[in-house]
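A.B. asks: Attaching a single structure in structure tokens format; questions to follow.
Read-outs throughout are calculated quantities, based only on the coordinates presented, and are distinct from any laboratory measurement. For clarity, every value in this text was computed on a predicted model and none was experimentally measured. Note: ideal-geometry Cβ built from the backbone for every residue, glycine included; neighbour counts use all protein chains shown.
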Amino acid sequence: MSSPADDSGYAHLRLDRAGQAAAFDALGDRYDEAFPHKEGQVAAAEWLIRSLPTGSRALDLGSGTGIPTALQLAEAGLKVVGVDLSDGMVALARRNVPAAEFRQADIADLRPGGPLDLGRFEAVAAFFSLLMLPRAEIPPALRTIHHLLVPGGLFALSMVEADVDDFSIPFVGESIRVSGYLRDELREVVETAGFEIVDESSFTYAPASADIQPEVQIFLRCRRRHA
Amino acid sequence: MTKRLGTGKRTGRKAAGAQGRATPARRPTRSGPASVPGDRADEPRPAEPQTDRLRYLDAATRSIARGMDLDETLSELCRAAVPAFADTALVHLYDPLPVGDETTPVPGVLRLHTTRQTSPQALPSAAEAVHPAVGGPLATRLRDGRPVFGDAPNAAATVTELLGPANVGTTPPPGRRLILAPLHGRSHVLGSVVLLRGAGRPVFTDDDLLVASQLATHTALGIDKAMLYAREASVADTLQRTMLPPSLPEPPGVRLASRYLPASRTAQVGGDWYDTIPLPGNRVALVIGDVMGHSMTSAAIMGQLRTTVQTLALLDLPPDEVLHHLDEQAERLGTEHTATCLYALYDPVLQRLLVSNAGHLPPVLLRPDGTGEILSVPPGPPIGVGGGGFESTEIHAPAGATLLLYTDGLVESRDSDVLTGVENLRARLRTAAAQAAPPALETLCDAALGALGTGDRDDDVALLAARFEGILPETVAYWYMAPRPQTAGQARRLTRRTLHRWGLDSLIETTELMVSEVVANAVRFASRPITLRLLCTDVLRCEVGDDSPVVPRMRHARLSDEGGRGLFLVDQLSERWGATRLSTGKVVWFEQSLPDDVAH
């Protein structure tokens, strides 16, 4: 029964990405307009830059338009690879951040033994991207991130605090499905996946779009344990 | 029987002149109808007296009929009567005046309403108020309805009762120099008119009595008409004012001010309205509308549309949906009246404005830096046309900006078109903004009205101003939670954490308790994730939303009813609470005052 793919936790999952990438393809630049003032995200990326030597490899999971994170990391001298499910977003990011490399891919493709091997990274950033997965896929995704990091590598994660699974919400005139945990459960899920949480912060964020509710955002700064 | 109606040619004019009476031809003010034959010096030849009488009556009754209100009608009567027909006219009216066909008891008081005389000495002191004795000569005479001379049987007693002994005891007794004509409307005795001729003038003739009767009849009917007209205007005005908000709410994050000015002409009832409706999440709907036309119907339609908008707004529908359903409802009302309406939804946390328009004038947004912008919102078709196709436009609404919604009466006039009017409005606002930054909201409203506040208005004017103050996101927390058995406990922990961060530790215990009760209630009925929202403004507000349309009621609060018991607790512990049914479910909310050391 056992196989390398089973270890990653994806074996029994039927991946359903219907509409998720399409929503972002349709969004284009409106995404950045709807979510301005990403101070929390900028501060988290700043922590990665501060903690790593120049030339370190950094993966931006769910890189979107490349603004602000991929750009910020690349300008600080890190070797940045951005991955996003949306072709439209990847195209925008390539234009916005020529210094970084962008790949259209599903995070499941990056799993150990998966079809896409990007090598190992000193840092991974996943800002509001894992919330696009159904809950059942979040622990495997965290294991994938663990696998992509060198031992002791850094992981910056942000999520919206909510207790929902694959829940459809309006999103800048489109509709997407999101999942989330309340803080205590999120910490537990992250720690179980092999990370040490070194810092946590949370605050309410008001998007600049009338169809999105203000949300409580949680930022976790983590380090990959050896296990 | 002399054919002369009026002043005697030989002695009368001289006597009249001695009394200081100006001849009608020389009167500087608007003159009454052509005077009675023989009164004019330049009369080429004495006309056939009956023809002249008819000509006089024709002009007099037309003047009387022209009056639209009570005062106008009575002053037209007096102007017609004095000096052409008599030297003094006194009109007494019952107080209160019976109106229309209502059956009301005859009022007990007659009041002197209008006096006109050629000489101030003619009647030095007619009583201001008269209380006719029940069954007395005056009451009987007025009920009888026919005019009489002063020398008719019982007339002396009647006149004494009306004018007081001092005025009747003059020498010589008035006799045929006095006519008392009751004023009879369609269904009621309204009062009386007394006509007197001075000593130097010929006495009244029998034909004069018929003329007086005609004058009284037309006057009474004129009074009837004026009263009905006034009542219609007053009913419509009351109707309209009742249908406008008596006061504006004071929701956190926005300040509101409004003005309503009726059109200058009393009967010009308009269909303008405005409204402000607080919604969950500290949002507020701002509404302005204008039903076409000026009539009681406009006001009535306005009332129905306003209620409809309120109901739709409270369902928390998007602005374009509100207008869409309003349009459908207007069609169902079966009215041929159309209306324009603009619906704006302000979210103080997101600092966004969602605007949808049904043919209304564009709002003006005065920015914090004092510049004014005429918001380009797709105009959309008017309500009641059935066109549909309304759109919502999203606009950044920064703190310190002011939104002005107004009706066409503010910008449209005989002298300028609407576009010029809107530009002038923007200029007035800019001037006001230049004097103080930011100008007080009331000052801004006054500036927006400009000269309209005092001058004549062709149309009614409604104005609604909203100063955006915004709410900092740090004072808001919002979560989605799938309905599960543990959700109430999770909500407790989220509440505890958030209130601690806000320094509201003293409220934690009660708030946790109420939140968990309301959340437990929501979880029982919800099929989709519920929402918990905490807002700390000048009060602590908690809102729990779910997708079940079942709205809890206190009357269900029996001990056997778990949900009802929770609400009973909320009712006991909170300052205010309520449940709002939305198109997507419902929101149950409650508020608590902040402890003194936190409240600013």
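A.B. asks: Taking a ≥ b ≥ c as the square roots of the Cα gyration tensor eigenvalues, with a/c under 1.5 meaning rounded and otherwise prolate when a/b beats b/c, else oblate, which class fits the range B:326-404?
C.D. replies: prolate
A.B. asks: Under the Karplus relation 6.51 cos²θ - 1.76 cosθ + 1.60, θ = phi - 60°, what is the ordered set of whole-Hz ³J(HN,Hα) values for the range B:319-331, x standing for Gly and Pro?
C.D. replies: After applying 6.51 cos²θ - 1.76 cosθ + 1.60, I find x, 5, 5, 4, 5, 4, 5, 5, 4, 5, 5, 4, 5 Hz.
A.B. asks: With θ taken as phi - 60° and the coefficients 6.51, -1.76 and 1.60, list the Karplus ³J(HN,Hα) couplings across the range A:151-164 in order, rounded to whole Hz; mark glycine and proline as x.
C.D. replies: Result, rounded to whole Hz: x, x, x, 9, 9, 9, 10, 10, 9, 8, 6, 6, 10, 9.
A.B. asks: Can you give the Kirkwood hydrodynamic radius of the range B:244-468 from its Cα pairs, in Å with one decimal?
C.D. replies: Value: 17.3 Å, from the Cα pair sum.
A.B. asks: OK, next. Please work out how much length the chain gains when fully extended from A:Asp166 to A:Asp25, using 0.36 nm per residue of separation minus the C-alpha to C-alpha distance, in nm with one decimal.
C.D. replies: Full extension from A:Asp166 to A:Asp25 adds 48.8 nm.
A.B. asks: State, to one decimal in nm², a quarter of the convex hull surface area for the C-alpha atoms of the range A:18-224, i.e. the direction-averaged projected area.
C.D. replies: 9.9 nm²
A.B. asks: I've got another one for you. For the range A:109-220, what's the radius of gyration and Dmax over Cα atoms, in angstrom?
C.D. replies: My reading of the Cα-based Rg and Dmax gives 14.6, 43 Å.
A.B. asks: Distance from the Cα centre of the range B:302-343 to that of the range B:566-600, in angstrom?
C.D. replies: Using only Cα atoms, the two centres lie 29 Å from each other.
A.B. asks: What is the set of long-range amide H partners of B:Ala401 at a cut-off below 5 Å, with H atoms built 1.01 Å from backbone N?
C.D. replies: Close amide H contacts, sequence-distant or interchain: B:Phe468.
A.B. asks: Going from the alpha-carbon gyration tensor of the protein assembly as shown, what semi-axes, largest first and in whole Å, does one get by taking the root of 5 times each eigenvalue?
C.D. replies: Output for the protein assembly as shown: semi-axes of 85, 28, 20 Å.
A.B. asks: Through the Karplus equation 6.51 cos²θ - 1.76 cosθ + 1.60, θ set to phi - 60°, convert the phi angles of the range B:584-597 into ³J(HN,Hα) values in whole Hz; use x for Gly and Pro.
C.D. replies: Whole-Hz 3J(HN,Hα) from phi for the range B:584-597: 9, x, 7, 10, 9, 10, 8, 10, 10, 5, 7, x, 4, 6.
A.B. asks: Neighbouring Cβ atoms within 10 Å as the yardstick, rank A:Glu39, B:Glu517 fewest first.
C.D. replies: A:Glu39, B:Glu517
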